[in-house]
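What follows is a set of notes on a single structure, which appears directly below.
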Amino acid sequence: MPDTIVKDREEVRFEREESFAELLTRLANESAALVRDQIDLAKQEIAEKLKAWRAAFIAIAAASMIGLLALMSLCAAAIAELAKVIGPSVSALVIGVALGIISAMVLMGALQSLKRASLRPEQTIRTLNAR
């Protein structure tokens with residue numbers, strides 16, 4: 001059966017071919033829309049996670065500044081009292097080393113926490129894997 005017929009010098013396509021072409025067009029359009037929707041979902045998930053991280057980092061910065069002021073006051077007091085026993089230079093060295101060790105421990109904990117957190121758009125990945 002031919003694909004086209006000639007009728008009064010005009011090509012007329014069979015209805016079956018028009019339907020197939022329409023189906024292909026619709027499939028292409030829906031596939032493109034699905035990809036756009038998945039990209040939008042991934043962007044939205046990442047934006048929400050970044051917003052939460054931003055708020056947490058701002059709170060951490062504020063707490064760190066206040067904590068730093070408190071620590072400086074306590075260090076000055078500890079050095080002054082320890083200086084009465086072992087001298088000012090040695091007392092400053094002892095307090096400095098102790099603070100350095102504490103700082104390293106806190107830093108390692110914070111880095112581990114950031115490693116566990118992920119910006120991967122988990123919901124989008126689950127949706128794509130389900131298909």
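The values are calculated or read from the model by the stated rules, or taken from the named source; none is laboratory data. Bear in mind the structure is a predicted one, so any value in this text is a computation, not a measurement. Ideal geometry is used to build each Cβ from the backbone, glycine not excepted, and the neighbour counts take in all protein chains shown.
For the reader, a short list of remarks on this structure follows.
- For Val85, the criteria (1) of a type outside the set (Gly, Ala, Ser); (2) under 30 Å from Leu34 (Cβ atoms); (3) at pLDDT 90 or above hold in every case but one, which is (2).
- Residue within segment 36-56 that is more than 28 Å from Arg116 (Cα to Cα) and either surrounded by 10 or more Cβ atoms within 10 Å (Cβ to Cβ) or at pLDDT 85 or above (or both) present: yes
- Against the test of being under 30 Å from Val35 (Cα atoms), without any contact (Cβ under 8 Å) to a residue 60 or more places away in the chain and in a helix (DSSP H, G or I), the options Arg120, Arg126 yield a single qualifying residue, Arg126.
- Residue count for segment 67-117, restricted to those that are closer than 30 Å to Lys43 by Cβ and not in a helix (DSSP H, G or I): 1
- Of all residue pairs spaced 6 or more apart or on separate chains, those with beta-carbon atoms under 6 Å, a first member in segment 67-81 that is within 13 Å of Ser91 (Cβ to Cβ) and modelled with pLDDT of 90 or more and a second member that is of a type in the set (Gly, Ala, Ser) and surrounded by 10 or more Cβ atoms within 10 Å (Cβ to Cβ) are Ile79/Ser91; Ile79/Ala92.
- Residue match in segment 118-127 (condition: exposed (fewer than 10 other Cβ atoms within 10 Å of the Cβ), hydroxyl-bearing (Ser, Thr, Tyr) and touching a helix residue (DSSP H, G or I) at 6+ places or on another chain (Cβ under 9 Å)): yes
- Residue match in segment 35-56 (condition: assigned to a helix (DSSP H, G or I), more than 27 Å from Thr127 (Cα to Cα), free of Cβ contacts under 8 Å to residues at least 12 places away in the same chain and out of contact with any Ser or Thr (no Cβ under 7 Å at 6 or more places or on another chain)): yes
- The residues in segment 78-90 that are surrounded by 11 or more Cβ atoms within 10 Å (Cβ to Cβ) and either among the aliphatic types (A, V, I, L, M) or closer than 30 Å to Leu119 by Cα (or both) can be counted, and the count is 7.
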